[in-house]
Amino acid sequence: MSKVTTADFRHWKKEKRPITMLTAYDYSMARLLDEAGIDSLLVGDSVGNVMLGYANTLPVTMEEMLHHTRAVSRAVKRALVVGDMPFLSYQVSREEAVRNAGRFLKEGGAEAVKLEGGEEVAPTVAAIVRSGIPVVGHIGLTPQYVHQLGGYHVQGKQATVARRLLRDARSLAEAGVFALVLECVPAEVAQEITASLPIPTIGIGAGPHCDGQVLVTHDLLGLYGGFTPKFIKRYANLAEQIKGALLAFQEEVQNRVFPGPEHSFSMTQEEYRLFLEERE
């Protein structure tokens, strides 16, 4: 079982072999995803919504991201681990961006970082790449820019916006990203971007023509409630199964069914007799 590298991403693009990526935030889930053969695990800043209860990704800090990245990295043997750079960890200055990106590798155990933005962040991407840190780009719906975008809306339905996305994609490729996440863009736009780039595209709500697909694992497994975007496919409904198991546990404890003899430990009759004698 060989370790997935950025070179594999480039090779798979040429071979037209689809790439799989899922989010991971903890050791146990990361181990399951890795054992299942998922190519890349993204320690996404979506940890803010999914694990930390924030309303959006903006409050997530570097320390929180490093904490979860370390947990994921300890579980992984094969998948490529990508750390998601949180809001304001790369926008203030290129020097700070390089330093924070390096922390994901040095302290978090990641093998690459991801950051959001198009042409405007290309110089920052180039600086990070020159420092020896692989970068995944992210354009389209960029959650860290939610207030600027006016909400969570599909990006690129208008020709002018679609052309800007294509320029963003090319700028990022020229800056050195080894892969590019396309989030919530029309399938036609994603297809054009994918065909025009030498690097693989990873879609989320971007149609079937991307070189790979990424989802939030908790959405895929039906563990995260609330609004479900159109692009999500639930492969399981684990939340209901978990609730059922918890209700069964509560009922068995209250009815003194659990623990039973098979879940309990016993002394020998002789040791029990001695124990009772000593009590007296």
**Q.** Only one of Phe227, Phe231 that is in contact with a strand residue (DSSP E or B) (Cβ under 9 Å, 6 or more places away or on another chain), assigned by TED's automatic domain parsing to the domain that holds Asp45 and among the aromatic types (Phe, Trp, Tyr)
**A.** Phe231
**Q.** Test: Tyr272 is surrounded by 12 or more Cβ atoms within 10 Å (Cβ to Cβ), at pLDDT below 95 and either more than 22 Å from Gly53 (Cβ to Cβ) or touching a helix residue (DSSP H, G or I) at 6+ places or on another chain (Cβ under 7 Å) (or both)
**A.** no
Q) If you go through the range 221-260 one residue at a time, how many are of a type in the set (A, V, I, L, M) and touching a Ser or Thr at 6+ places or on another chain (Cβ under 9 Å)? A) 1
Q: Taking only the range 230-257 into account, find how many residues are outside any helix (DSSP H, G or I) and either among the small types (Gly, Ala, Ser) or touching a residue at least 60 places away in the same chain (Cβ under 8 Å) (or both).
A: 1
Q) Among the candidates Ile199, Ile193, Ile204, which residue alone is within 20 Å of Ala162 (Cβ to Cβ), in contact with a Lys or Arg (Cβ under 8 Å, 6 or more places away or on another chain) and buried (at least 20 other Cβ atoms within 10 Å of the Cβ)? A) Ile199
Q: Could you please find all residues in the range 85-104 being of a type in the set (Ser, Thr, Tyr) and crowded, with 16+ Cβ neighbours inside 10 Å?
A: Ser89, Tyr90
(Q) Which pairs turn up if I take residues in the range 19-33 that are under 24 Å from His209 (Cα atoms) and look for partners that are surrounded by fewer than 17 Cβ atoms within 10 Å (Cβ to Cβ) and not basic (Lys, Arg) with beta carbon separation below 8 Å, at least 6 apart in sequence or on another chain? (A) Thr20/Gly37
Q: Identify, from the list Val60, Val98, the residue that is over 25 Å from Glu174 (Cα atoms), in the same structural domain as Ala169 (by TED's automatic domain parsing) and among the β-branched types (Val, Ile, Thr).
A: Val60
Q | Members of the range 123-143 that are among the small types (Gly, Ala, Ser), over 22 Å from the mean Cα position of the chain (by Cα) and either buried (at least 22 other Cβ atoms within 10 Å of the Cβ) or assigned to a helix (DSSP H, G or I) (or both) | A | Ala126, Ala127
(Q) From the list Gly151, Gly203, exactly one residue is farther than 23 Å from Met29 by Cα and not aromatic (Phe, Trp, Tyr). Which is it? (A) Gly151
Q.
Take Ala7 and tell me if it is touching a helix residue (DSSP H, G or I) at 6+ places or on another chain (Cβ under 7 Å) and either not assigned by TED's automatic domain parsing to the domain that holds Pro200 or not in a strand (DSSP E or B) (or both).
A. no
(Q) All but one of (1) touching a His at 6+ places or on another chain (Cβ under 7 Å); (2) over 19 Å from Val43 (Cβ atoms) hold for Leu115; state the number of the condition that does not hold. (A) (2)
Q: Taking Pro200 as the residue in question, decide whether it is in contact with a Phe, Trp or Tyr (Cβ under 6 Å, 6 or more places away or on another chain) and either modelled with pLDDT of 95 or more or not assigned by TED's automatic domain parsing to the domain that holds Tyr25 (or both).
A: yes
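The values are calculated or read from the model by the stated rules, or taken from the named source; none is laboratory data. Owing to the predicted nature of the structure, the values given are computational and were not obtained by experimental measurement. In this analysis, Cβ positions are derived from the backbone assuming ideal geometry, glycine residues included, and neighbour counts consider all displayed protein chains.
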